[in-house]
Amino acid sequence: MSTGSAPLPPSVVELAGPFEHTFLHVRGLRLHAATAGDPSDPLVVLLHGSFGGWFDYRHAIGPLAERGFHVAALDMRGFGMSDKPPVEAGQDIRTLTGDVSGVITALGHSAAFVVGADTGASVAWSLATEHPERVRGLVSVSGAHPVDLRRAIAARPWDFMWILLRSGLARLPRPVVRALPSLKQWAFHTYVNRNCAPATAKDVVDDELLLRLRAAAIGKTQRGFLWNNRQLLAATPLRWADALIDAPVLFLTSSQRLWRPVIQRAHARTAGAFAASSIPGAKNLPMVENPAAFTEMLASWFTSP
């Protein structure tokens, strides 16, 4: 399942659907989002992980808009159709957090429900910590606050070998990664296959993998991919270590044992309402594996008291 060696244009992820492709000018960058819904409705911002893009949520954007939300699925900096700045020092967790805060205001809102998966969850938790006024509610999909995940790994490192491996590979020098193209292909194959439930239809898994490989073959995305992977266990300001967040939290994960201590730490960090749940028939990519149930759970939670 190869995408070839020549860089692909960003248009390979300009998919059609019940949404518009919008470009937002934020902090000197042009960031892409797929948007739908009435701008006067409550805003929902959807954040992808290291191995994806805005398209992770393509099956949820339209249905959420129909349920009465203004929806924006973002391409983070360095991904998809968003700008890919050359300065590596400008892609730490606080920078990404500032990007999302800027996206919320650029879309005409003061706050949003923020949904983050994988490293997108790391950014969502960081946003709720650094800019609590921007977050009406937080949905963490198979991801966590970087501090909580580091602490869980320190307690039981054998449960998190894949995350530790990811983190180590993301810190390899870029010339090494360029010299080993099969390493990146292996990482994408491993991520998709590890995070989809065995019951997920093979054609769904294959289509997702091909789309993600195409997105990863867009020119100048390697830098963003590597730096984004590092955010899973990102270094954070010391004052974030035990800071509580006031926003209500919905924590969505598989039923794997390794998530239990992470959920406990997330609950302890949440000063407001907290709920943990899973999506039937899904593992760690519920927006892909069972998008209808994923959308229904989000819409119901957003509108609950």
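The values are calculated or read from the model by the stated rules, or taken from the named source; none is laboratory data. All values reported here derive from a predicted model rather than from experimental measurement. With ideal geometry, Cβ positions are generated from the backbone for all residues, glycine too; neighbour counts draw on all protein chains shown. These accessible areas exclude ligands, DNA and RNA; they are computed on the full protein's heavy atoms, side chains included. Shrake-Rupley method; radii C 1.70, N 1.55, O 1.52, S 1.80 Å.
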**Prompt:** Based on what the data block shows, is ARG230 assigned to a helix (DSSP H, G or I), in contact with a His (Cβ under 8 Å, 6 or more places away or on another chain) and touching a residue at least 40 places away in the same chain (Cβ under 8 Å)?
**Reply:** no
**Request:** Scan (1) open to solvent by 40 Å² or more (accessible area, probe 1.4 Å); (2) among the hydrophobic types (A, V, I, L, M, F, W, C); (3) at pLDDT below 95 for the single condition ALA187 breaks and write down its number.
**Result:** (1)
**Fill in**
The residue from VAL176, VAL204 that alone is surrounded by 12 or more Cβ atoms within 10 Å (Cβ to Cβ) and farther than 13 Å from ASN229 by Cβ is VAL204
**Asked** Are there any helices (runs of 4 or more DSSP H) wholly within the stretch 257-305 with 3 or more residues that are open to solvent by 30 Å² or more (accessible area, probe 1.4 Å), and if so which?
**Response** 259-269, 291-302
**Prompt:** Got at least one residue in the stretch 223-242 being more than 26 Å from ALA155 (Cβ to Cβ), open to solvent by 20 Å² or more (accessible area, probe 1.4 Å), acidic (Asp, Glu) and over 20 Å from the mean Cα position of the chain (by Cα)?
**Reply:** no
**Message:** Which count do you get for residues in the stretch 28-67 that are farther than 21 Å from CYS196 by Cβ and at pLDDT 95 or above?
**Reply:** 21
